[in-house]
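Take a look at the structure below.
The values are calculated or read from the model by the stated rules, or taken from the named source; none is laboratory data. This structure is a prediction, so every number in the text was calculated from the model and none was measured. Here the Cβ positions follow ideal geometry from the backbone for every residue, glycine too, while neighbour counts run over all protein chains shown. Side chains are part of the model used for accessible areas, which takes the heavy atoms of the whole protein and leaves out ligands, DNA and RNA. Shrake-Rupley method; radii C 1.70, N 1.55, O 1.52, S 1.80 Å.
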Amino acid sequence: MAERDESGLDRHLAVLGEHGARIGRLGTPEQARRRGERRRRNGRLAAAASGLAVVAVFAGVYATQSGFGTEPEPVASAPVSASPTPSPSPSVVVPKIDPSAVPGDGVPTQDQAVWLQATRTEGYPLLTALPDGTLAATGEDAATDGAQFALVPLSPGAEQYHLKTAKAGAGGEQGCAARDGDRLAIVACDAADERQRVVLNGRAAPHEVVLGDRALKLTGSSVTAVAAGQGTPLTFIIRGQADGPVG
């Protein structure tokens, strides 16, 4: 069928070529045939190009709708800020106010039996003399006579003192607090022994008690000797009368 169509087309082209040659506007049949071949080839190429364009359009639409072949757009995420770690709250100690505290400048007279209490320290420990003669700290609920002291000036009006036990010991005598290096103990009183000399820092209660040039620091159940200015402020609490003689 295609061969018959092409032979018929050739005959028509030959007729047109002869007619064109006669009127001077068309070429020979061979030229007409070449022009026809070019037209058919160009038509086939144009049809093929149109088909490819349609396919490309549909492919683009599909890719746009399906997201195929495209990189996903990055989604900006909000920066995660680390929650600050809460710092532990410092332990706040409410200062103890005792109506039995020595009034005025807070310095007791030499005949008064007093506690030396850390009224601004947790637990409010007391300075105490243990039966073995060492100094320690204790709470009010465990206080004995060993927690009672007398502050005795070395001379009338002096600002240096002995810190004596308010109650006499087994030998009937009062002992004095002394510092021997880091050891804090009760020993026989000796006015010439500088290790027994006590100075109070501060113009009003509570005072820092300096024994033998070292301050007393009460922590829990222990007492240590530290540099002056780092000791525990102590309040003198009246507990009654000291045994005599106290001078």
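Within segment 55-63, does at least one residue satisfy the condition of being at pLDDT below 95 and open to solvent by less than 40 Å² (accessible area, probe 1.4 Å)? Yes, segment 55-63 contains at least one residue that is at pLDDT below 95 and open to solvent by less than 40 Å² (accessible area, probe 1.4 Å). Only residues that are out of contact with any strand residue (DSSP E or B) (no Cβ under 8 Å at 6 or more places or on another chain) and open to solvent by 30 Å² or more (accessible area, probe 1.4 Å) were counted across segment 146-173, and they come to 7. Hey, could you check segment 121-137 for residues that are within 18 Å of GLU208 (Cα to Cα) and among the hydroxyl-bearing types (Ser, Thr, Tyr) and say which is most open to solvent (accessible area, probe 1.4 Å)? Among them, the one singled out is TYR124.
Kindly check whether there is at least one residue in segment 190-199 that is of a type outside the set (Asp, Glu), farther than 21 Å from GLY244 by Cα and open to solvent by 40 Å² or more (accessible area, probe 1.4 Å). Yes, the conditions are met somewhere in segment 190-199.
Residue count for segment 200-224 satisfying the condition of being over 34 Å from the mean Cα position of the chain (by Cα), crowded, with 19+ Cβ neighbours inside 10 Å and of a type in the set (Lys, Arg): 1.
Taking the listed residues VAL226, VAL210, the one that is at pLDDT 95 or above, within 25 Å of THR109 (Cβ to Cβ) and of a type outside the set (Asp, Glu) is VAL210, with no other qualifying.
Within segment 89-100, is even one residue at pLDDT 95 or above and part of a strand (DSSP E or B)? No - not one qualifying residue is present in segment 89-100. Annotation note: Cβ proximity below 9 Å between a residue of segment 179-203 that is without any contact (Cβ under 8 Å) to a residue 40 or more places away in the chain and a residue that is surrounded by fewer than 12 Cβ atoms within 10 Å (Cβ to Cβ) and of a type in the set (S, T, N, Q) (sequence gap 6+ or interchain) occurs for ALA191/SER155.
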